[in-house]
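Written below as structure tokens is the structure these notes are about.
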Amino acid sequence: MEYYFLFFIIAVLALYEYSHPKAKMDKTFWVMSIILVVFAGTRKDIGTDYNIYTHVFGLSKESIELALIETEAYFVLPAHYLDNIHYVFFLYAIPSVLIICNEINKEKYKFLVLLLFYSFTYLFYDMGIMRQGLALSICIFSLRYIKRKKLGIFIIIILSSTLIIHRTCFVFFPMYWIANINFTRKKFYILLVLSLIFGITFQVRWVAEILSFLPNIFQKTINTITDTSYSDSSFGLTECRKIVLSIFFFELLYNKHISSREKIFLNMYLVGVFLSLLLINHLTMKSRGTYYYCISEIFIIPLCIKYIKTRIYRNVFVFIFVLYGLLYVKNIIREQEYYEWQNLPYEPYNSIIYNTN
């Protein structure tokens, strides 16, 4: 119930902001951001990978060296010194939510972006695999240094996040150069088709051989990737959605005078879709691995509003994605694979503040 209540509140604010574009809502936005911090930071016995966190928390007390082999320092060091795992959850929720909310606050339709963030990202990452949730926020933060052409600072941020926050963050290094690509219509469609064809024929063993060249620090990540690979392609609704959205975004924004920030988000998403199709046989890589790029959809969808000239089409567009966000929330909290030992159900929501069991 709590998940839908939060969705409803943010949706109402998003629709109000959309219909009253001159409304001043900065204070309300930060109140909602803090609520999201508390909601994620005080959760108890719920969410994806919850049992992994409790396992590593206990291991950190026994042997900090062994814990650091499994998990990054930003989790292990606080877990070693703090008495309660929920303090660690707060140490993730505060920077993870506030960093990305600071970036969201720059957008014209900030509450619509916040709604998409809540639906597509927050529930699964910040209330589930929170280590990657923080890494995603840091990657979004690092985009400002791409815009300013500060390669050194960008590399330091991503390298630090890779070593301290989440090892999968290394996949974001190419973004500095991806941001400057000028996609022509021909180049876009050729890459889209080739990614799908090559992805379907891409053998699992090839990926394992490529990953074998990575340093030992990535061994746990490599094992997770290879253990969740398929021998046959798994083309489904998610891939169809990404293809349709990438075509829609490209055709709507192609040859438009978009800002450098908007171009960065567009290139992020297009490359994320190419990678998702290219890695279609590899569950973890095509979903969590490419989400470092595909997260940009939460920014691009509201961006499209100003390029849709007909008001009724804009209204329909907003309604569709509010509804889609609601369906996504339902999918996350009710249809995750809870039979996996590391995951716990999202419902009912439990907190250290109150318990609904």
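The values are calculated or read from the model by the stated rules, or taken from the named source; none is laboratory data. Quick caveat, the model's predicted, so the values are computed rather than measured. Methodologically, a virtual Cβ is constructed for each residue, glycine included, from the backbone with ideal geometry; neighbour enumeration extends over all protein chains shown. Heavy atoms of the whole protein, side chains included, go into the accessibility calculation; ligands, DNA and RNA do not. Shrake-Rupley method; radii C 1.70, N 1.55, O 1.52, S 1.80 Å.
What residue, among those in the range 79-88 that are under 21 Å from Tyr125 (Cβ atoms) and free of Cβ contacts under 8 Å to residues at least 60 places away in the same chain, is most open to solvent (accessible area, probe 1.4 Å)?
To start, the set of residues in the range 79-88 that are under 21 Å from Tyr125 (Cβ atoms) comprises 79, 85-88.
Those left that are additionally free of Cβ contacts under 8 Å to residues at least 60 places away in the same chain: 79, 85, 87-88.
Details: Ala79: 0, Ile85: 18, Tyr87: 132, Val88: 0 Å².
Step by step, filter the range 79-88, then rank; the result is Tyr87.
Pull up the range 52-91, narrow it to residues that are under 22 Å from the mean Cα position of the chain (by Cα) and not in a helix (DSSP H, G or I), then point me to the one that is modelled with the lowest pLDDT. My answer is Thr71.
State which residue is farthest from Tyr16 (Cα to Cα) when the search covers only the range 90-105 and only residues that are open to solvent by 10 Å² or more (accessible area, probe 1.4 Å) and without any contact (Cβ under 8 Å) to a residue 60 or more places away in the chain. I'd like the intermediate steps shown before the answer.
Within the range 90-105, the first condition is being open to solvent by 10 Å² or more (accessible area, probe 1.4 Å), and the residues that meet it are 90-91, 94-95, 98-99, 102, 105.
Next cut, without any contact (Cβ under 8 Å) to a residue 60 or more places away in the chain only: 90-91, 94-95, 99, 102.
Values: Phe90: 31, Leu91: 32, Ile94: 27, Pro95: 28, Ile99: 24, Asn102: 20 Å.
That would be Leu91.
Can you go through Ile35, Ile99 and tell me which one is aliphatic (A, V, I, L, M), touching a helix residue (DSSP H, G or I) at 6+ places or on another chain (Cβ under 6 Å) and assigned to a helix (DSSP H, G or I)?
Values: Ile35 fails: touching a helix residue (DSSP H, G or I) at 6+ places or on another chain (Cβ under 6 Å).
Every option except Ile99 fails the conditions.
Checking each residue in the range 6-32 for being open to solvent by less than 80 Å² (accessible area, probe 1.4 Å) and not in a helix (DSSP H, G or I) picks out Ala23, Met25.
For first residues located in the range 336-357 and hydrophobic (A, V, I, L, M, F, W, C) and surrounded by fewer than 17 Cβ atoms within 10 Å (Cβ to Cβ), partners that are modelled with pLDDT of 85 or more and not in a loop (DSSP other than H, G, I, E, B) and lie 6+ apart or on another chain with Cβ distances below 6 Å form the pairs Ile352/His86. Residues that are open to solvent by less than 10 Å² (accessible area, probe 1.4 Å), touching a residue at least 40 places away in the same chain (Cβ under 8 Å) and of a type in the set (A, V, I, L, M, F, W, C) within the range 38-78 comprise Ala40, Ile46, Phe75, listed in sequence order.
Hey, can you tell me all the residues within the range 251-268 that are of a type in the set (Phe, Trp, Tyr) and crowded, with 16+ Cβ neighbours inside 10 Å?
Result: Phe265, single match.
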